[in-house]
Structure formats: C-alpha cells, structure tokens
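Here is the structure we will look at.
None of the figures in this text is laboratory data; all of them are computed from the coordinates on show. None of the values given here were measured: they were computed from a predicted structure. Note that we place each Cβ from the backbone using ideal geometry, even for glycine, and neighbour counts take in every protein chain shown.
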Amino acid sequence: MSTALEIEAAIKSLSPQERKKLVRDLPVLLPELDGDEAWKRILDDPTPNAALSAFADAIDAEHQRDPKAFPEIKDSDFDSKA
C-alpha cells in the first residue's frame, strides 16, 4: 500500500472533531492549499492560454464600447441581503 493510500485511510478513520482539526491544520501542512499561492501560480504561469486571452479581450472590448455596463463595485455590494 502506498503512503498516500495509508494517509487517506487514516483520515477516513478520524472522528468528526479530529477531521475538523485536520481541516484547520491542512493549509499549514500543505501550503499549496493556500488560495493566494494557487492564484499566484496561475498568474505566474507563462503558458499561453488562447481561450482565456480571447475572453479577456472580449470583456475589454465590451468595456471600451459601453463602460456603464461595468458599474464600479461598492463595499455595500457585499452586504448580506438575507
């Protein structure tokens, strides 16, 4: 059995409380789970992405054509509506 399978089996055997603790601790144990680091890797990736570039160009062209279609985001836009 591989180490990864052993780890997976061990995780499955944890109690709910231990699993919650593991979830909190995983970003420290596995820094690659950090969302900021993941985005940094994506942004720093030099590999061309034609589809993403075309999408960004289309949005930029639409913004040039009609800037009012892209209203500025305000802090209050993030207020809970519930």
Dividing the surface of the Cα convex hull of the chain by four yields a projected area in nm² of 10.8
So the FRET efficiency between ASP44 and SER15, C-beta based with R0 = 35 Å and rounded to 0.05, is 0.35
Going residue by residue through region 16-24, the Karplus relation 6.51 cos²θ - 1.76 cosθ + 1.60 with θ = phi - 60° gives ³J(HN,Hα) values, rounded to whole Hz and with x marking Gly or Pro, of x, 5, 5, 5, 4, 5, 4, 4, 5
Along the dipole axis of the chain (charges at Cβ: +1 for Lys and Arg, -1 for Asp and Glu; origin at the Cα centre), the most positive-end residue among ALA56, LEU43, LEU29 is LEU29
Given unit charges at Cβ for Lys, Arg (+) and Asp, Glu (-), the dipole magnitude of the chain about its Cα centre in debye, nearest 20, is 440
